[in-house]
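Notes follow once the structure below has been shown.
Every read-out reported here was derived from the displayed coordinates using simple, explicitly stated rules and does not represent laboratory data. If you're wondering where the values come from, they're calculated on a predicted model, not measured in any experiment. Positions of Cβ are generated from backbone atoms using ideal geometry, with glycine treated the same way; all protein chains shown enter the neighbour counts.
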Amino acid sequence: MFMGEYTHNIDRKGRLIMPAKFREELGERVYITRGMDGCLTVYPLEEWTSLYKKYSSLPMTNPDARMFMRFFMAKATEVEPDGQGRILIPGSLVKEAALEKECYIIGVANRVEIWSKERWLALQEEMLPSYEKVAENLTTLLD
């Protein structure tokens, strides 16, 4: 399980240190792709395999399924963390997520999200006032 919020700087080559608390669970191979809301999402092998099976079973006759799979898979890449726990994020994903110096790395249960400082702080400011209402609305999904 991934949880917590950490900050690390991305270097000019696109390398970003994964928090020590995440490294063991992420394992020797991770999959990174575009996430939702302007972040990047990092999955350990087991979670990626599970998602891949679910998503590849979507009907290709459905236009939403085709579009989602294109955008989700087109930017996906397999990455091996180096000896220092850094992952190399492809330039296209760095650009897409607007990653500059300081990045926020957050644990979200079964995945890790990477956010630019600006996007993460803006999202918190926007969403925090409605946090309790959102939580209340979600209870119907859990029943």
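Scanning region 26-40 for residues that are touching a residue at least 24 places away in the same chain (Cβ under 8 Å) and either in contact with a helix residue (DSSP H, G or I) (Cβ under 7 Å, 6 or more places away or on another chain) or closer than 18 Å to Ala109 by Cα (or both) yields Leu26, Arg29, Val30, Tyr31, Ile32, Thr33, Arg34, Gly35, Asp37, Gly38, Cys39, Leu40.
Just wondering, is there one or more residues in region 77-86 that are farther than 21 Å from Trp120 by Cβ, in a helix (DSSP H, G or I) and not hydroxyl-bearing (Ser, Thr, Tyr)? The answer is no; no qualifying residue exists.
Let's see how each residue does on (1) hydroxyl-bearing (Ser, Thr, Tyr); (2) touching a strand residue (DSSP E or B) at 6+ places or on another chain (Cβ under 6 Å); (3) free of Cβ contacts under 8 Å to residues at least 12 places away in the same chain; (4) in a loop (DSSP other than H, G, I, E, B):
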site: Val42; (1), (2), (3), (4): no, yes, no, no
site: Trp48; (1), (2), (3), (4): no, yes, no, no
site: Leu51; (1), (2), (3), (4): no, no, yes, no
site: Pro59; (1), (2), (3), (4): no, no, yes, yes
site: Ala65; (1), (2), (3), (4): no, no, yes, no
